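Written out below as structure tokens is the structure these notes cover.
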Amino acid sequence: MKQVWIVDDDEEMSRAVRLMVKLLDGETTAFMNARAAAQAVIDGRCPDLFILDINMPEVTGLDLLEFLRRRATTKNLPVVMLSTEASDVMIDRAKALGADAYVSKPVTIEELERAINNAFAKRK
């Protein structure tokens, strides 16, 4: 695994996911909101994988996902959605917008690893 950007406004959850990614041999950068992550992309930075929370103030993870899929530099990068929203409607919406995997909170390291591997496999 390579560079993973985690976008989640919940500091505790962000820390937990960063630790899990590090245990899976990934390097992480965390953003507390979608605007900051979008600005980093606009500035020309890019990870190998995004992990996005859905429910964030102002700009949601779904908004950020749409933004990523519209940009040439990020449209083919793997995206894992990580959210407390576990309804089939929300999962289907995220996948329709281009999410490669969807994991419900709380997440185990095994679930996260499986989602990450699936996301990378879909984008090969």
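Nothing in this text is a laboratory measurement; each read-out follows from the coordinates by a stated rule. Computed from a predicted structure; not experimentally measured. No Cβ is skipped: glycine too gets one built from the backbone with ideal geometry, and neighbour counts run over all protein chains shown.
At-a-glance table
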| quantity | calculated |
| --- | --- |
| Cα gyration tensor shape for segment 60-124, rounded if a/c is under 1.5, else prolate or oblate | oblate |
| Computed label-point distance, nm, for sites Asp43 and Glu58 using a 7 Å Cα→Cβ extension | 1.5 nm |
| Partners for Lys105 among lysines (Cα-Cα distance below 23 Å; same-chain residues under 8 apart left out) | Lys2, Lys22, Lys95, Lys122 |
| Using θ = phi - 60° and Karplus 6.51 cos²θ - 1.76 cosθ + 1.60, couplings along segment 107-124 (whole Hz; Gly, Pro as x) | 10, 8, 5, 5, 5, 5, 4, 4, 5, 5, 4, 5, 5, 5, 5, 5, 9, 6 |
| Point-charge dipole on Cβ atoms (K/R +1, D/E -1) for the chain, about Cα centre, debye to 20 | 640 debye |
| Taking N as its residue count, the alpha carbon Rg of segment 1-58 over 2.2 N^0.38 Å | 1.06 |
| DSSP beta bridge pairing in the chain, given as percent antiparallel to the nearest 5 | 0 percent |
| Ranking of Ile54, Ile42, Ile91 by count of other Cβ atoms within 10 Å, fewest first | Ile42, Ile91, Ile54 |
| Ranking of Val21, Val107 by count of other Cβ atoms within 10 Å, fewest first | Val107, Val21 |
| The chain, helix-only ellipticity at 222 nm - DSSP H runs n ≥ 4, -39,500 (n - 2.57), divided by all residues, nearest 500 | -13500 deg cm²/dmol |
